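The values are calculated or read from the model by the stated rules, or taken from the named source; none is laboratory data. All values reported here derive from a predicted model rather than from experimental measurement. Cβ placement follows ideal geometry from the backbone for every residue including glycine, while neighbour counts extend to all protein chains displayed. Note: areas computed on protein heavy atoms with side chains; ligands, DNA, RNA excluded. Shrake-Rupley method; radii C 1.70, N 1.55, O 1.52, S 1.80 Å.
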Amino acid sequence: MQLREAADALGVHYQTAYAWVRQGTLPARKTGRGYDVNDDDVSALAERRASGTPPRPEVRVRDWSAQADRLYDAIVSGDETLARHDFDRLALGVPLIDLCERVIAPALRRVGEEWAVGELGIATEHRASAICERLIAARAHQPAGRPRGIAVTATPPGERHALPPLMAAACLREDRWLVHHLAADLPVADVIGLALEVGADLVVLSSATAQTARAARRAAREIGLSAPRLRVLAGGPGDSLSRLRDLARNDPGRP
């Protein structure tokens, strides 16, 4: 439906509904004629409002780079308390997908670059990644209400970085998918088996390097041949969570 129709269904002014779109409270897709809104998203927001759960307050972040730098300083020094304090403060009014893309990813990219040139040790890099995993996991809750679909998140065999599939799981859960997160380095047959067992609609294979991105594409083809009903998205370095969210939503085979 159009955003104006959604506003009428929610009993609010159009500008209020538009503000919710800008804040990420009401997912919408920009079109040439305005914004298209999924009926299920409108119903879910109506249920939250009826239950007394208010829409998330907006937190305006003026300098994303400064937030990423603060997180970098905290995770490199091992100050998990400071990292959690800053992250939780932002999470009160910023969607988790934005926190992952605009704060955690840049901070970890800097960690990786400095490890690659020998400025940081491997233990420091692992500690920083582990802190970020715990920050995300603490916020990646399954939302209430009817799920958009069932998804499985994993990596291809040989990919040992656990953060990319965890970020994918967090992104999809925030978008009301029921997610079975399998973490890293699983045989393709096991991913297929669990996906069929839980009745998954979607499998997401995440990778952190060009080499494992090729492995993810091979695994996606193998899944497609073994289980044609399963839809598979394979992501690699540089792919954004917002693109994953949009690709997951825009399945021509779903109503």
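Quick one: plug the Kirkwood hydrodynamic radius of segment 25-172 (C-alpha pairs) into Stokes-Einstein at 25 °C, 0.890 mPa s, and report D in µm²/s.
Approximately 143 µm²/s, per Stokes-Einstein.
Per-residue accessible area for Asp239 at 1.4 Å probe radius, Å² rounded to 10?
The accessible area comes out at roughly 90 Å².
In the chain, carbon and sulfur make up what percent of the accessible area (probe 1.4 Å)?
50 percent
Counting only helical runs of four or more DSSP H residues, what would the 222 nm mean residue ellipticity of the chain come to if each run contributes -39,500 (n - 2.57) and the total is spread over all its residues?
Working: 12 runs with 138 residues, N = 255.
Using -39500 (n - 2.57) per qualifying helix, the result is -16500 deg cm²/dmol.
So what's the net charge close to Ser206: Lys and Arg +1, Asp and Glu -1, counting the other residues with Cβ under 15 Å from its Cβ?
Residues near Ser206 contribute +2 overall.
Residues with beta-carbon under 15 Å from that of Gly34, excluding Gly34: net charge, scoring Lys, Arg +1 and Asp, Glu -1?
Around Gly34, the charge tally is +2.
With every protein chain left in place, what is the accessible area of Leu194 in Å² (1.4 Å probe, nearest 10)?
Accessible area of Leu194: about 50 Å².
How large is the translational diffusion coefficient of segment 148-196 in µm² per second when you combine the Kirkwood radius over alpha carbon pairs with Stokes-Einstein at 10 °C and 1.306 mPa s? Write out the running numbers ahead of the final one.
Values: Rh = 10.8 Å.
For the chosen part, D equals 147 µm²/s.
Nearest 5 percent is fine: what portion of the DSSP beta bridges confined to the chain is antiparallel? Could the numbers behind the result be given before it?
Working: 4 of 17 bridges.
About 25 percent, rounded to the nearest 5.
If exposed trypsin sites (Lys or Arg not before Pro) are those in a DSSP loop with at most 12 other Cβ within 10 Å, what is the longest stretch of the chain that has none? Walk me through the numbers on the way to the answer.
On the way: sites that count: Arg33, Arg60, Arg62, Arg160, Arg229.
Formally, the longest exposed-site-free interval is 63-159.
Can you compute the modelled spin-label distance between His13 and Arg134, with each label point 7 Å from Cα toward Cβ, in nm?
4.5 nm
From zero outward in steps of 5 Å, how is the percent of C-alpha pairs of segment 194-255 spread across the bins?
Calculated over all Cα pairs of segment 194-255, the distribution is 4, 17, 26, 25, 20, 8, 1, 0 percent.
Quick one: work out Rg over Rh on the C-alpha atoms of segment 1-93, Rh as Kirkwood radius.
Details: Rg = 17.1 Å, Rh = 15.2 Å.
My calculation puts Rg/Rh at 1.12.
Which whole-number value in Å² is the accessible area per residue of the chain, probe 1.4 Å?
Here the per-residue accessible area is 52 Å².
Around Leu196, under 15 Å between beta carbons, what's the net of Lys plus Arg minus Asp minus Glu among the other residues?
-2
Relative contact order of the chain, please, whole-number percent, based on alpha carbon pairs below 8 angstrom and at least 6 residues apart.
It rounds to 13 percent for the chain.
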